[in-house]
Structures are given as structure tokens and as C-alpha cells.
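The values are calculated or read from the model by the stated rules, or taken from the named source; none is laboratory data. Since this is a predicted model, take the numbers as computed values, not measurements. Please note: Cβ atoms are built from the backbone with ideal geometry, for glycine as well, and neighbour counts cover all protein chains shown. Note: areas computed on protein heavy atoms with side chains; ligands, DNA, RNA excluded. Shrake-Rupley method; radii C 1.70, N 1.55, O 1.52, S 1.80 Å.
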Amino acid sequence: MTEQQQAADDGVMTRIGQAMMLLHGGDREEARNRFGVLWQQIGPEGDPLHRCTLAHYMADAQDDPDTELAWDLRALSAAEGLAEERLAAHGSAVALRALYPSLHLNLAADYVKLQRPDAARVHLDRARVASDTLDDDGYGNGVRAAIERLELRLRAM
């Protein structure tokens, strides 16, 4: 990756991070607006790492469960399109493997919201299998705990 490509890449990830801060600060509308502008700039053929990251967080900014599901599906599709070489250039292969449990967990939660328990179980099972790649740290333990909580909700459906 050239220095110019690296700088552009860092700029996109920085802008995604800034919109995430807005989202976590409670300004969902402004976060959605910024994510939307970035999505238009990246485009459907843009860098899969950017599309995956952006769609993953754009889903969290949605109020409508169907729209949230659509963004989570975009995130998973982009993740599946990432080439190992691209990840290696970023040192992101481990990070992406760690993202898969969260991607599937989000999809399972979306399907629960939409009263589609069978689809939710499929993605919850995938999240559980993918969680084997997670470290024994705050993130990994948090994702595993969220998988267990969603499993309990599904049993009650």
C-alpha cells in the first residue's frame, strides 16, 4: 500500500470514528448523516474494509429494525469480500476474525426484533462458532456474554 493510499485509508477510518463518537454520544441523526455521506463517497465498489466497518456502525444508528437489518447484511457481505492481502496490508486479519462474532450477533438480534426466531438462531449459532477466535479480554468476554443473553431471549420466544 502506498503512502497516499494509507493516508486516504486513515482519513476514512478517522471519519468513521468521528461519526461513531457522535453515535455513542447520543446524536444518532448526525451520526446517520455522516455515515450516509461517507457511504456515498466510498460507493458500492469501494474498499470492503471501509464498507464493512461503516455498515456495521450505520446499522447501530438506525431506528427501524428492517433498515438496521439491511445495514448489518451489508456489513457481513463486505466482510466476506475482503481479501487476505488487503487485511494483511492493514494488519487487520485478526481484527476481522474478531468482528465476525459481532456481525452475526447483530444479525441475530435484528431477526429477534423482527420476530424471526429461526433466522436469529442461525446467526446466533454462527456467532457462537466464530467467538472461538475471540481473545479472553473485555471485548471477547462482552461478545460472549451478549451471545448468552440473546440465547436466553430466544429460548423465551
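From the backbone phi of region 111-120, what are the Karplus-calculated ³J(HN,Hα) couplings (6.51 cos²θ - 1.76 cosθ + 1.60, θ = phi - 60°) in whole Hz, Gly and Pro given as x?
5, 5, 4, 8, 6, 10, x, 5, 5, 4
Can you tell me how much longer the chain between Thr133 and Gln41 gets when fully stretched, taken as 0.36 nm per residue apart minus their C-alpha distance, in nm with one decimal?
Here the answer is 29.9 nm.
Normalised by the number of residues in the chain, what is the relative contact order in percent for Cα pairs under 8 Å and 6+ residues apart?
Numbers: 156 pairs, mean separation 23.9, N = 157.
Here the relative contact order equals 15 percent.
Find the accessible area per residue for the chain; the probe is 1.4 Å, ligands and nucleic acids are left out, and the unit is Å². If you can, show how the numbers build up before the last one.
On the way: 8480 Å² over 157 residues.
Heavy-atom accessible area per residue stands at 54 Å².
Cβ neighbours within 10 Å, averaged per peptide: list 125-132, 26-33 in order, most packed at the top.
Ranked from most to least packed, the peptides come out as 125-132, 26-33.
Multiply the residue gap between Gln18 and Arg155 by 0.36 nm, knock off their C-alpha separation, and tell me the result in nm, one decimal place. All intermediate terms of the calculation are to be shown ahead of the outcome.
Values: separation 137, 0.36 × 137 = 49.32 nm, distance 3.74 nm.
Fully extending the segment from Gln18 to Arg155 adds 45.6 nm.
Can you put Trp39, Trp71 in order of accessible area, largest first, using a 1.4 Å probe? Kindly include the intermediate steps, with their values, before the conclusion.
Values: Trp39 55, Trp71 30 Å².
Ranked from most to least accessible, the order is Trp39, Trp71.
Does region 105-157 come out rounded, prolate or oblate by the C-alpha gyration tensor, with a ≥ b ≥ c the root eigenvalues, rounded set by a/c under 1.5 and, if not, prolate when a/b is larger than b/c and oblate if not?
Values: a/c = 2.51, a/b = 1.97, b/c = 1.28.
Note, shape of region 105-157 comes out prolate.
At 222 nm, what helix-only mean residue ellipticity would the chain give, in deg cm²/dmol to the nearest 500, using -39500 (n - 2.57) for each DSSP H run of four or more?
Details: 8 runs with 126 residues, N = 157.
Counting only the DSSP helices, I get -26500 deg cm²/dmol.
Any chance you could run the full-extension gain for Asn33 through Arg116? It's 0.36 nm times the residue separation minus the Cα-Cα distance, nm to one decimal. Before the final figure, lay out each step's value.
Details: separation 83, 0.36 × 83 = 29.88 nm, distance 2.90 nm.
Additional length available on full extension: 27.0 nm.
Which of the following values of Rg/Rh (Cα atoms, Kirkwood Rh) was calculated from the structure shown: (i) 0.97; (ii) 1.01; (iii) 1.06?
For Rg/Rh (Cα atoms, Kirkwood Rh), the calculated option is (i).
Arg97 to Ser77: FRET efficiency via 1/(1 + (r/R0)^6), r the Cβ-Cβ distance, R0 25 Å, to the nearest 0.05? Can you show the working numbers first?
Values: r = 17 Å, r/R0 = 0.67.
So the FRET efficiency works out to roughly 0.90.
In sequence order, what are the phi-derived ³J(HN,Hα) couplings for region 33-46 according to the Karplus relation 6.51 cos²θ - 1.76 cosθ + 1.60 with θ = phi - 60°, rounded to whole Hz, with x for glycine and proline?
Ordered by residue, 3J(HN,Hα) equals 4, 5, 4, x, 5, 4, 4, 5, 5, 6, x, x, 9, x Hz.
How far apart, in nm, are the 7 Å Cα→Cβ label points at Ala145 and Asp66?
Placing both labels 7 Å beyond Cα along the Cβ direction yields 3.5 nm.
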